[in-house]
Amino acid sequence: MEIAALVAALIVVLLIVLTVGKTVRIVPQARARNVERFGRYRKTLEPGMNFILPFVDRVKPLIDLREQVVAFRGQPVITEDNLVVSIDTVLFFQVTDPRAADYEIVNYIQAIEQITATMLRSVIGNMDLEETLTSRDQINMRLRGVLDDASGKWGLRVTRVEIKAIDPPKSVIDAMEKQMRAEREKRAAVLTAEGVRQAKILTAEGEKQSSILRAEGERQGQILRAEGQSQAIGTVFKAVHDGDADPKVLAYQYLQTLPQLAQAEGNTFWVIPSEVTTALKTLSGAFGGDAREPARAQGHAELRGPDAGGRALGPADGGTGAADGVAGAADGVAGAADGVAGAADGVAGAAHPDAAPNGALENPPISQAGSGGAG
């Protein structure tokens, strides 16, 4: 009897537990479950603890109320220019009415996929390939509006539709790559030409400015040099005029210019004006020398430079030796006195234009080189 009572007690406990399990249903957050009583919709269980009649009410599977993401595989779509493209889409939706989602449509995921493919063909069919590739936002908005209207009666709300990928045919992709490459090469060539043009313009502008500045510098330099020479000449003539230079000094200055005639390279022949002999004569007379005036002092004297051995050559007629050369030098000094005196008169006439005839100073004549010269 005790065993039978124990078994009966266990059966009662199991029935109580089973009854409680069938009566109490716990629904997680953001989930919902529909309840049918005798095959008819009774109510929707909310998240939390819910009580139903055991063995009378039947609880259907959980329905997720969170936003869901579904990716649909590529759908072949024909564009307006008769090109077949494959389009991948991503759909974001949320169940807002568990009863409609359970009883208004058998499989709302499949229904959304099919209506998405249908709307893609309708939308893309009115666009060419270029517009399709550049109008994703417009396609997304049109798809979302149509899907939201169609799925509203199913208890769904489409929150977002995105075009994941648009894959044109391989031949079209190759053509697009060639076109893009040609366009980039064109832009590169244009930019290179613009750079070369700008560089040439800048170079020309720089050369122009450089030439202008160089010309300005040369002009300014010439002006300054001319002004300096003018001031120097004026100072010299003023000093000569004010100091009333003696003809001896002028003759000495005249002779100092002779070495400059021999400084040029390759000079072996010099033409000396007849005034040099006059200057020498004046200088000789100043130092008490013989004021002889040789006949060869007339005209130009011809001097020859040193030979290869460094020896001084005589005049063109051969010379008369060292002694004659010294005597000839003295004679040349004596003959140059008259020329120096004439030069002094010319300088004085230049300093006082009124003193010269017609206010001009005549250049001293230069005679042809004779056969003789100063030793």
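Just checking, how many residues over region 1-46 are part of a strand (DSSP E or B) and without any contact (Cβ under 8 Å) to a residue 12 or more places away in the chain? Of the residues in region 1-46, 2 are part of a strand (DSSP E or B) and without any contact (Cβ under 8 Å) to a residue 12 or more places away in the chain. Among the residues of region 50-69, those that are surrounded by 14 or more Cβ atoms within 10 Å (Cβ to Cβ) and within 19 Å of residue 158 (Cβ to Cβ) comprise 63, 64, 65, 68. Of the residues making up region 149-169, those that are without any contact (Cβ under 8 Å) to a residue 60 or more places away in the chain and either surrounded by fewer than 16 Cβ atoms within 10 Å (Cβ to Cβ) or not assigned by TED's automatic domain parsing to the domain that holds residue 88 (or both) are 149, 152, 153.
Inclusion of residue 73 among residues that are touching a strand residue (DSSP E or B) at 6+ places or on another chain (Cβ under 8 Å) and assigned to a helix (DSSP H, G or I) is not warranted. Residue 80 meets the conditions (1) touching a residue at least 60 places away in the same chain (Cβ under 8 Å); (2) more than 22 Å from residue 26 (Cβ to Cβ) in every case but one. The failed one is (1). Evaluated against (1) of a type in the set (S, T, N, Q); (2) on the phi < 0 side of the Ramachandran plot; (3) loosely packed, with under 14 Cβ neighbours inside 10 Å, residue 82 falls short on exactly one condition, (2).
Quick one: which residue in 119, 176, 141 is in a helix (DSSP H, G or I) and modelled with pLDDT under 85?
176 is the lone residue from the list that is in a helix (DSSP H, G or I) and modelled with pLDDT under 85.
Could you tell me whether residue 132 is part of a helix (DSSP H, G or I) and touching a strand residue (DSSP E or B) at 6+ places or on another chain (Cβ under 7 Å)? Taking the combined requirement at face value, the residue satisfies it. All conditions in (1) hydroxyl-bearing (Ser, Thr, Tyr); (2) under 23 Å from residue 106 (Cα atoms); (3) surrounded by fewer than 15 Cβ atoms within 10 Å (Cβ to Cβ) hold for residue 23, with the sole exception of (2). Pairs are defined by a Cβ separation below 8 Å, a sequence spacing of at least 6 or placement on different chains, a first member in region 123-142 that is among the polar types (S, T, N, Q), and a second member that is part of a loop (DSSP other than H, G, I, E, B) and surrounded by 15 or more Cβ atoms within 10 Å (Cβ to Cβ); the pairs so defined are 132/79; 135/127.
Taken over region 87-107, the criterion of being more than 14 Å from residue 161 (Cα to Cα) and crowded, with 19+ Cβ neighbours inside 10 Å is satisfied by 95, 97, 98, 101, 102.
The values are calculated or read from the model by the stated rules, or taken from the named source; none is laboratory data. Predicted model, so just to flag it, every value in this text is computed and none were measured. Note that each Cβ is placed from the backbone with ideal geometry, even for glycine, and that neighbours are counted across all protein chains shown.
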